[in-house]
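Engineer: Sharing a structure with you now.
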Amino acid sequence: MAKKMTGKELVAFCRSKIGTPYVYGMKGKVMTEQNYKFLKNTYGKMVWLSDRDKIGRVCVDCSGLISWACGVMLGSGQWKARATKINPISTIEKAPIGALVWMQGHIGVYTGMKNGHPYYVAADGSAYGVREVPLRCNKFTHWLLVEDVFQYEMRDDEVVEKCKMIINGKEHTVERILKDGINYIKIRDVAEAIGYDVTSKGNVAVLTKK
């Protein structure tokens, strides 16, 4: 049995393709005049007139980026159908690196947290090509694990959960990370509870009264 691609390897592959142009229906091959005409006739408005300018370049679409990485040719809906675990996007912080992020008609790859925000990489449409941006830049509804194709590094030692915190006699709901027997409370949750905005200067958190 062939070795599965890990989630981290999937992320590394997708990041290596950042800047690759997007054309609907392309799967990581050089687009020819013949390809363009076929895709335009087949998919109509899904293929932009300006996509013609990408002839001669390697192009890819959203599901094609993932298929290009692992060699399993599936569309975005087929990836969801093949998933062994399907979770609401609201729980993305519990996802392993390399989980697929999905919405109707689109798919990408979760790359982890940066500065407290979840990020993904995807072939994000003809206007952007392959890019890595915060999850809020799209409207994904679910994250998926496809365990017969990818091997994920699950963080069994780390659990994110909701908890209660009392500040000045008032109860607040915050998120805590349980790791190695220690509770870590998110600074943004605490700042919100006490009426502060959080910014940063380099690696230093700055709290300012609202």
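Engineer: Grab the other residues whose beta carbon is less than 11 angstrom from that of Val146, score K and R as +1, D and E as -1, and report the net.
Structural biologist: Around Val146, the surrounding residues sum to +2.
Engineer: Provide the per-residue ³J(HN,Hα) series for the range 117-123, in order, calculated from phi with Karplus coefficients 6.51, -1.76, 1.60 and θ = phi - 60°, each as a whole number of Hz, with x at glycine and proline positions.
Structural biologist: 10, x, 10, 9, 10, 7, 7
Engineer: While we're on this one: Past 21 Å, Cα to Cα: identify those pairs from Lys8/Lys85; Lys27/Lys114; Lys94/Lys164, in the order given.
Structural biologist: Those over the limit are Lys27/Lys114.
Engineer: Ok, one more. On the accessible surface of the chain, probed at 1.4 Å, how many percent belong to carbon and sulfur atoms?
Structural biologist: Carbon and sulfur atoms account for 52 percent of the accessible area of the chain.
Engineer: Say the dipole of the chain comes from +1 at the beta carbon of Lys and Arg and -1 at that of Asp and Glu; which of Gly129, Asn168, Met113 then lies farthest toward its positive end?
Structural biologist: Gly129
Engineer: Follow-up. Read phi for every residue in the range 72-88 and hand back ³J(HN,Hα) as whole Hz from Karplus 6.51 cos²θ - 1.76 cosθ + 1.60, θ = phi - 60°, with x for Gly and Pro.
Structural biologist: 9, 8, 9, x, 4, x, 5, 4, 5, 5, 7, 4, 8, 9, 10, 10, x
Engineer: Which percent, to the nearest 5, of DSSP beta bridges fully inside the chain are antiparallel?
Structural biologist: 95
Engineer: Can I ask one more? Name the most mobile residue of Trp48, Trp143, Trp79, meaning the one with the largest mean-square fluctuation, in a Gaussian network model of the chain with Cα contacts below 10 Å.
Structural biologist: Highest fluctuation of the listed residues: Trp48.
Engineer: Follow-up. Short version: ³J(HN,Hα) in whole Hz for each residue of the range 98-109, in order, from phi by Karplus 6.51 cos²θ - 1.76 cosθ + 1.60 (θ = phi - 60°), x for Gly and Pro, what are they?
Structural biologist: Ordered by residue, 3J(HN,Hα) equals x, 4, 8, 9, 9, 9, 4, x, 8, 8, x, 10 Hz.
Engineer: Val130's amide H: which non-local residues (gap 5+, or another chain) put their own amide H closer than 5 Å, with H modeled 1.01 Å from N in plane and none for Pro or chain starts?
Structural biologist: Gly19, Thr20, Tyr22, Asp124
Engineer: Report the local net charge at Ala12: Lys and Arg +1, Asp and Glu -1, summed over other residues whose C-beta lies under 15 Å from its C-beta.
Structural biologist: Combined, the nearby Lys, Arg, Asp and Glu give +1.
Engineer: Can I ask one more? List the residues, sorted by chain then number, that are 5 or more residues from Val146 or on another chain and whose placed amide H is less than 5 Å from its amide H.
Structural biologist: Thr84, Leu100
Engineer: Tally Lys/Arg at +1 and Asp/Glu at -1 over every other residue whose Cβ is under 12 Å from the Cβ of Met31; what's the total?
Structural biologist: After counting each charged neighbour, the total is +3.
Engineer: Give me the distance between the Cα centres of the range 76-99 and the range 122-139, rounded to whole Å.
Structural biologist: With the range 76-99 and the range 122-139 each reduced to a Cα centre, they are spaced 17 Å.
Engineer: Kirkwood Rh and Cα-based Rg: tell me the resulting Rg over Rh for the range 21-109, rounded to two decimals.
Structural biologist: 1.04
Engineer: Okay, moving on. Over the chain, average the accessible area per residue using a 1.4 Å probe and give it in Å², no decimals.
Structural biologist: Per residue, the chain has 57 Å² of solvent-accessible surface.
Engineer: Quickly estimate the mean residue ellipticity at 222 nm for the chain, helices only: each DSSP H run with n ≥ 4 gives -39500 (n - 2.57), and the total goes over all residues, rounded to 500.
Structural biologist: -6000 deg cm²/dmol
The values are calculated or read from the model by the stated rules, or taken from the named source; none is laboratory data. Model, not experiment: these values are computed from the prediction. Please note: Cβ atoms are built from the backbone with ideal geometry, for glycine as well, and neighbour counts cover all protein chains shown. For accessibility, only protein heavy atoms count, side chains too; no ligands or nucleic acids. Shrake-Rupley method; radii C 1.70, N 1.55, O 1.52, S 1.80 Å.
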